[in-house]
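Here is the structure we will look at, set down as structure tokens.
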């Protein structure tokens, strides 16, 4: 292959430490095994060389040029001799009965060893905190073997009506549970009770002071970032087959709902790579890259079919073929365009980009279905919301990038032809390691700090400053910014473009989430985004954020108060 993947020195360290690069594997070997794994699966559908070559070339080029990346579990597992029986999925809700710990242990470990982030619904169990501690201990024991390619991350969630809800909310405050994020699954009834100060009943018939419970959530989140809040009811409203296979929990960062055994295939578009030299956005390039990535992710789903630890995962993958295209490099893009993260223009740009990706990926999924066949869910007309104008109801308001008429045409085409390869196509995970490989900021987050950036982000910030200052002055400003961890007050024109995460108001963090995943959201699933707070923020600030997030239609929300974790990330 002529294309070459050249990560930064820091990204290379991450790849080696995280075992994305196999033992003794060169970068060329890594690149070749990933590309060949994704391309050779096309023989499943008898593509001729003429049919497959344009895709193969485009996939190789875009991957090498850091236009997009597959999820890091896919990069780790694809084509590796020591991962021949592994799926390529990024996350899973492990299908397990936790009341039988011996059998549960074997099942959990079998998914851990495939590098998936794992979710657990603890609602059915009497003592959810005991299970958190047990699974966390298992995660620690497995980590100690030294055989894992990534940190073992789990999500533990329970329904707000659980009798042990108070103990669960305080679990990470009272216990050392580093391998878990935790979330409370709230309902409309509970949130209305909070708003109206009415009595709320738990499933055992006891009653609680709902505002005191919400206050407890806010206090614990203020202390250490947990719990977050999710609404599986809302996630299932946007799950087109919820009547057939409802969501029961989420991955560790709550970016989507998953049913027991369900997995998802992630890929990330580097939005910063779509900017042209004159600062304008290249929509044609975004369209083509989205088409190529959609096809690549469907190939990865196919390549995973015989590698799942439990048959139910294969059954759901065949039924839904769900993929999750996300983005990264948003902060880099906004800085290059001179748009403050807090501006309406920035929010609308991100909204339009994601709307365009959502639409384009579904058009491509229809085309794939014509050639390869639809996912099995499209053969089911009762209980499949696509046959009840699902797309039009979800996206019929349109955006500047995709009109209502286009959604109408796509909606009608799917209903009449029953062609759709992937039941859903977009989600917004945090893109942690993938964004490092691509050299840009993660997901839709602003820059986190005034130093320690990824490779391309450092260039973007330096170039922004050099438009106003000499190289020597730029060096001095960068030094001062690092010392005070802020670019504000240093005489920079349009300095708000360089606000770091904690300097952006919680309201504007929320607004960015709202235009993407609120009442009129443009993403299939939801967004993993943290509302970053200054260290001197109050518990009441957290309480208000939780309430505002729910009122705006969000399906999930998490906060992080600066300096509440000693090992908080420095690299962006």
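Just so it is clear, none of the values below were taken in a lab; they were calculated from the coordinates. Since the model is a prediction, treat every value here as computed from it, not as a measurement. Every residue, glycine as well, gets a Cβ built from its backbone with ideal geometry; the counts of neighbours run over all protein chains shown.
Observations on the model:
- Taking label positions 7 Å along the Cα-Cβ direction at both residue 551 and residue 306, the computed distance is 5.6 nm, reported to one decimal.
- Per residue of the chain, the DSSP helices (runs of n ≥ 4 H) give a summed -39500 (n - 2.57) that works out to -14000 deg cm²/dmol at 222 nm.
- Among 536, 524, a tally of other beta-carbon atoms within 10 Å of each Cβ gives an order, fewest to most, of 536, 524.
- Normalised by the number of residues in the chain, the mean separation of alpha-carbon contacts (under 8 Å, six or more apart) gives a relative contact order of 16 percent.
- Contact order, relative form, for the stretch 217-295: 15 percent (alpha carbon pairs under 8 Å, 6 or more residues apart, mean separation divided by residue count).
- When the alpha carbon gyration tensor of the stretch 452-561 is reduced to an equivalent ellipsoid, the three semi-axes, largest first, read 32, 17, 11 Å.
- Sites residue 483 and residue 379 - FRET efficiency at Förster radius 56 Å, r taken between beta-carbons, to 0.05: 0.35
- Order of 217, 116 - criterion: other Cβ atoms within 10 Å of each residue's Cβ, fewest first: 217, 116
- Residues 465, 438, sorted so that the one with the fewest Cβ neighbours within 10 Å comes first: 465, 438
- Value of relative contact order over the stretch 452-561, rounded to a whole percent, pairs C-alpha under 8 Å and six or more apart: 20 percent
- Of all DSSP beta bridges in the chain, antiparallel share, percent nearest 5: 30 percent
- Distance (nanometres) between label positions extended 7 Å along Cα→Cβ at residue 463 and residue 8: 1.4 nm
- Two-site label geometry, residue 189 and residue 51: point separation in nm, points 7 Å out along Cα→Cβ: 5.2 nm
- Taking a ≥ b ≥ c as the square roots of the eigenvalues of the alpha carbon gyration tensor, the chain is rounded, as a/c is under 1.5.
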